[in-house]
Amino acid sequence: MTFKVTPWEVSGDLDYSKIVKDFGLEVINEALMRRIEKHAGELHPLLKRGIFFAHRDMNWLLDQYEKGNKFFLYTGRGPSGHTHLGHLMPWIFTKWLQDKFGADLWFQMTDDEKYVFSDRLELEQTKKLAYENALDVIALGFDEKKTKIFLDTEYAKTLYPQALKVAKRLTFSTAKATFGFTNESNVGEIFFTSVQAVPAFLPSVIKGKNIPCLIPYAVDQDPHFRIARDILPKLGYYKPASIQSIFLPGLKGGKMSASEENSAIYTTDGPETAKKKLMNAFTGGRDSIKEQKEKGANYSICPIYHYYKQMFMPDDKELAELEHDCKGGKILCGECKQKLAGRVADFLVDHQKKREKAKSRLDKFLIRD
Ligand code: TRP
């Protein structure tokens, strides 16, 4: 069983316990969950269900928080296309953290990254996509007084001097070992991780004092933050704490793929398109109805089930019933998909309304220099 998880490629059968070991993460245990629950008053389903499954330094972050040293949140998006539901998932969790901990959020749009790493996108395109993606961020309901969104190319005067400080302390050999660069990699790619490190300490630079940082992200981004954690203390800043999620699986089985439109549901898809994608999805079902009724299905490999678990069935009792009925052959895949399509359609209609409204609010969130 082989797999690959890098910021630019996720493939194969993911073994998350091996990822924890290889990346040097800590699994989120019961004690940490209780600690988060104590402050938040509840646990988000994404935590309770192990979708956010690992972390670094969360206990340190909460020690600081308990001493009155509040943290800020930092996350981001590489604007290489429209936003799909798998992108929204960590942002939904980030919004919950903002609400529960009253934290500021710095949201980075890496239009530079997606330009230097792409052989098809021009800078004008990644910039335009960053604005499209920002609408989805805003539509999720982040607090406009506590949230700053910026494009790297539009905030460069502020970011660049700080990126230089990181870059000077990062050797090519470390970047190469961490990201697998070769002699054919362009130098923009090699430099880029320095830019992604900056928001983890920029608020400390601006305020002139150290502020703890928490970065929620899907686990493929981890290499960037291993580097950031190594270098920030050398600049006199805290190592950023972080919390990592697994991925929402692709509808065709395996991962979501930008080149396979039907493997993901985009926030810009109409309800009918979304329904079609869901009805055609791979499932954990059997070859025939008869066999499924007799032997039941396998929800653990089923993307439809994971959509429910991660986003569309927050009620634990309902989810337990679904698992039971699926395993016992009481529910067939067609019915299960239909029900999900209804929930996804409701979500999309609502999200798209909010997305429209976000167009006139962009300036309340975007910072430039
Ligand atoms: N590189 C990320 C991507 O390709 C975007 C990003 C920038 C990011 N800063 C981040 C993601 C911080 C998570 C956390 O999507």
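Per residue, what volume in Å³ does the Cα convex hull of the stretch 230-369 take up?
Values: hull volume 25.5 nm³, N = 140.
With only Cα atoms used, the stretch 230-369 gives 182 Å³ per residue.
Surface composition of the chain: carbon plus sulfur atoms contribute 50% of the solvent-accessible area (1.4 Å probe, protein chains only, all chains present). Here the Karplus relation 6.51 cos²θ - 1.76 cosθ + 1.60, evaluated at θ = phi - 60°, turns the backbone of the stretch 57-67 into coupling constants of 6, 5, 5, 4, 4, 6, 4, 4, 4, 5, 7 Hz, with x for every Gly and Pro. Taking 0.36 nm per residue of separation and subtracting the Cα-Cα distance, full extension of the segment from D143 to D15 would add 42.5 nm. Residues whose amide H falls under 5 Å from that of T147, counting only those 5 or more places apart or on a different chain, are L105, with hydrogens built in the peptide plane. Between D119 and N186, the modelled label-to-label distance comes to 1.2 nm, taking each label 7 Å out from Cα in the direction of the beta carbon.
If you count only protein heavy atoms with a 1.4 Å probe, what accessible area per residue comes out for the stretch 237-369, rounded to a whole Å²? Could the numbers behind the result be given before it?
Values: 6900 Å² over 133 residues.
I get 52 Å² per residue for this part.
The alpha carbon convex hull volume per residue for the stretch 1-99 rounds to 126 Å³.
Under a 5 Å amide H to amide H cut-off, with H placed in plane at 1.01 Å, what residues pair with G180 once short-range neighbours are removed? Result for G180 returns nothing. Taking the Cα centre of the chain as origin and assigning +1 to Lys and Arg Cβ atoms and -1 to Asp and Glu Cβ atoms, the resulting dipole is close to 720 debye. Once you reduce the stretch 190-244 and the stretch 248-287 to the center of their Cα atoms, the two points are 34 Å from each other. Our coupling estimate for the stretch 326-338, obtained by passing each phi through the Karplus curve with A = 6.51, B = -1.76, C = 1.60 and θ = phi - 60°, is 5, 4, x, x, 7, 10, 9, 5, x, 5, 5, 5, 4 Hz, Gly and Pro reported as x. Dipole magnitude for the stretch 261-356: computed about the Cα centre from +1 point charges on Lys and Arg Cβ and -1 point charges on Asp and Glu Cβ, it is near 140 debye.
Mind grabbing the base-10 log of I(q)/I(0) for the chain at q = 0.07, 0.10, 0.11, 0.15 Å⁻¹? Debye formula, identical points on the C-alpha positions, no solvent, two decimal places. After summing over all Cα pairs, the log10 values are -0.31, -0.65, -0.79, -1.47. Local charge sum around A345 (other residues, Cβ-Cβ under 14 Å, Lys/Arg +1, Asp/Glu -1)? Neighbourhood net charge equals +3.
Per DSSP H run of n ≥ 4, the term is -39500 (n - 2.57); total these for the chain, divide by its residue number, and report the mean residue ellipticity at 222 nm rounded to 500 deg cm²/dmol.
On the way: 18 runs with 183 residues, N = 369.
Computed ellipticity for the chain at 222 nm equals -14500 deg cm²/dmol.
Positive end of the dipole of the chain (Cβ unit charges, origin at the Cα centre): among S17, C336, L362, the Cα lying farthest that way belongs to L362. Label zone (K70, point 7 Å along Cα-to-C-beta; backbone nitrogen cut-off 18 Å) within the stretch 91-132: 94-107. Listed values for the stretch 297-311 are Karplus-derived 3J(HN,Hα) couplings in whole Hz (6.51 cos²θ - 1.76 cosθ + 1.60, θ = phi - 60°), namely 10, 10, 6, 5, 9, 9, x, 4, 4, 5, 4, 4, 4, 7, 9, and x replaces Gly and Pro.
The values are calculated or read from the model by the stated rules, or taken from the named source; none is laboratory data. Fair warning: this is a prediction, and the values are worked out from it, not measured in the lab. So basically every Cβ, Gly included, is an ideal-geometry build from the backbone, and we count neighbours across all protein chains shown. When the accessible area is computed, the model is the full protein with side chains, heavy atoms only, and any ligands, DNA or RNA have been set aside. Shrake-Rupley method; radii C 1.70, N 1.55, O 1.52, S 1.80 Å.
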